[in-house]
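Here the structure comes first, spelled out in structure tokens, and everything after it is commentary.
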Amino acid sequence: SLIVERALPAEVRTRPPEPAPKRSRLSELIDRVARRNSSGVKIEGIEDMLVHYARCCSPVKGDPILGFVTRGRGLTVHRKDCTKVLELDPERRIQVSWDTSSSFSRSISLRVVTDDREGMLADLSGVFSKNSINISEANCKVLADGQAVNTFKCGISDIEQLRRIVKALEAVKGVHGVERARSQ
């Protein structure tokens with residue numbers, strides 16, 4: 001303390017410390033949940049934070065996305081066109097982008113409406129296999145009108161891979177439509 005007294009003028013030593021600038025509610029929430037683990041998402045001005053992907057829209061790398069800061073759980077990433085995120089508090093929405101340097105697979109669900117025919121499930125699963133996409137769960141339901149609804153939970157790395165698998169599934173004889181479904 002003797003060195004401080006000699007080095008600093010008296011008026012600087014006796015001045016009360018300046019109060020910290022007022023932080024926004026969003027900044028405080030972000031600080032609370034920030035952490036040092038790669039998530040595949042970049043947040044402007046923040047190293048990294050706990051990231052969850054919304055089940056309602058299952059975003060994959062390449063989708064236009066929007067972040068929503070949750071209380072105590074970190075950041076939830078939604079597709080920009082997700083109706084659920086548009087209903088949430090606009091003050092807690094933040095701009096985020098995909099980290100193009102990271103590579104990871106996201107679990108999504110695809111719903112495939114087909115004719116109810118013998119061998120259809122084998123044909124569909126063969127398309128996933130040929131495209132090196134792992135199916136973690138499958139649910140097939142026959143409808144009364146001679147059609148079937150097949151829902152596949154699978155790992156997708158980016159929007160291009162998703163487009164390829166959708167196009168390949170649509171090319172199977174008897175497939176009427178393929179769409180992303182809400183993950184359970």
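Between amide H atoms placed 1.01 Å from N, distances below 5 Å from VAL51 occur with LEU75, all of them 5 or more places distant or on a separate chain. The candidates CYS82, CYS140, arranged from most to least accessible area with a 1.4 Å probe in the full protein assembly, appear as CYS140, CYS82.
For ARG106, the amide hydrogen comes within under 5 Å of the amide hydrogens of ILE156, SER157, counting only partners 5 or more places away or on other chains and with H modelled in the peptide plane.
Remark: for residue pairs LYS61/LYS84; LYS80/LYS141; LYS61/LYS153; LYS61/LYS173; LYS84/LYS141, the C-alpha separation exceeds 22 Å in LYS80/LYS141; LYS61/LYS173; LYS84/LYS141.
Amide H contacts of LYS61: ILE159, each under 5 Å away and 5 or more positions distant or on a separate chain (H built 1.01 Å from N in the peptide plane; Pro and chain starts excluded). Ordered from longest to shortest, the equivalent ellipsoid semi-axes for the range 66-184 are 32, 17, 11 Å, each the square root of 5 times a Cα gyration tensor eigenvalue.
The values are calculated or read from the model by the stated rules, or taken from the named source; none is laboratory data. Please read these numbers as outputs of a predicted model, since none were measured by experiment. Quick note on the areas: whole protein, heavy atoms, side chains included, nothing else; ligands and nucleic acids left out. Shrake-Rupley method; radii C 1.70, N 1.55, O 1.52, S 1.80 Å.
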